[in-house]
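To start, the structure under review is shown below, and the notes come after it.
The values are calculated or read from the model by the stated rules, or taken from the named source; none is laboratory data. Worth saying up front: this structure is predicted, and the values here are computed from it rather than measured. As a convention, Cβ positions derive from the backbone with ideal geometry for all residues, glycine included, and neighbour counts pool all protein chains shown. All accessible areas refer to the heavy atoms of the entire protein, side chains included, with ligands and DNA or RNA removed. Shrake-Rupley method; radii C 1.70, N 1.55, O 1.52, S 1.80 Å.
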Amino acid sequence: VRRFVVLGRSALASGEFSLDDLPGTSGRLDVLLRCVRAALLHSHGIRHDTVIYLVLEGGHRAPRTVRVDGASAKFVRPDERPLATLLKKVLSSDADESHAGFVDVRPGIALAKGGLEIVLEETRGSPKYVLEENAQDIRGVEFDSHDGVFVLGDHLGFDERTRAQLVSLGAKAISVGPLSLHTDDVVAIVQNELDRRE
Ligand SMILES: C[S@@+](CC[C@H](N)C(=O)[O-])C[C@H]1O[C@@H](n2cnc3c(N)ncnc32)[C@H](O)[C@@H]1O
């Protein structure tokens, strides 16, 4: 399974955002929703071999993590507004309050109390990669295209502590090119690199 992890440093961990002004009211959840599209959808459907984790670090309910699993997710659409509506419903759930780890709240969509540590726990043993500018070019890196965890920052990038934690766990820093790109574009490029190697 290919796994993407997006760290939303300001992304709201509750459903208290406005669908009419997602970027202005959600701590940039819109960035994360575009990553869901880029990770999971191709023109004719959903990638069954991909899981994406959105780590939400903003607001009073943070940290919380949403996991969308392409193998079983339903109603994942390419347009942002229906995706935001779905996420709002998921984040309005209290299912994670009385449950340790991920709990399913919609088909293929699970919610957990906690942040990156819960993802690292679940993906223990899989090779990890930190996506960042000025690192080794992805084209020179060997992958198992079915077992990798790719961690990305949002519009604010990584905080230094998180990056150091990932590297100390053996995560390899890789780059998709010389420019600093939007997170969803980086996800699309990584998927493409993996597709080409299958
Ligand atoms: C818009 S960038 C972050 C920019 C932020 N201002 C910073 O200085 O870190 C969003 C995320 O996309 C990823 N990214 C952007 N450009 C990249 C590149 N050329 N190679 C690999 N990852 C990249 C990184 O994970 C980054 O945290």
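Quick notes
- Alpha-carbon centroid distance for the pair the range 1-37 / the range 47-85, whole angstrom: 8 Å
- Distant alpha-carbon pairs in the chain (separation over 20 angstrom), percent: 51 percent
- In percent, rounded to a whole number, the relative contact order of the chain is 25, using alpha-carbon pairs under 8 Å and six or more apart.
- Radius ratio Rg over Rh of the range 45-154, counting only Cα atoms, Kirkwood formula for Rh: 0.98
- Pairwise Cα separations in the range 1-67 fall into 5 Å bins from 0 onward with the following percentages, short to long: 4, 18, 27, 22, 15, 11, 4, 0.
- Low-density loop positions, GluC sites (Glu not before Pro), the range 78-173 - DSSP coil, at most 13 other Cβ in 10 Å: Glu97, Glu142
- Residues Glu117 and Phe75, FRET efficiency given R0 of 35 Å [Cβ-Cβ distance, rounded to 0.05]: 0.75
- Label-to-label distance for Arg139 and Asp159 is 3.6 nm, based on points extended 7 Å past Cα in the beta-carbon direction.
- Per DSSP, loop trypsin sites (Lys or Arg not before Pro) in the range 109-198 with at most 15 further Cβ within 10 Å: Arg124
- More than 14 angstrom apart: percent of Cα pairs within the range 107-171: 64 percent
- Taking His60, His44, His146 and ordering them by how much accessible surface each has at a 1.4 Å probe, largest first, produces His44, His60, His146.
- Most mobile of Leu179, Leu29, Leu12 in a GNM of the chain (Cα contacts under 10 Å): Leu179
- Lys pairs under 26 Å by Cα in the range 58-198, provided they are eight or more residues apart or on distinct chains: 7
- Rounded tilt (10° steps) of 183-197 against the dominant C-alpha axis of the chain: 50 degrees
- DSSP beta bridge pairing in the chain, given as percent antiparallel to the nearest 5: 45 percent
- Computed from label points 7 Å out along Cα-Cβ, the spacing between His44 and Glu198 is 1.2 nm.
- Heavy-atom accessible area ranking, 1.4 Å probe, most first, across Thr85, Thr65: Thr85, Thr65
- One chain, two ends: Leu181 and Ser126. Fully extended at 0.36 nm per residue, the span grows by 17.3 nm beyond their Cα-Cα distance.
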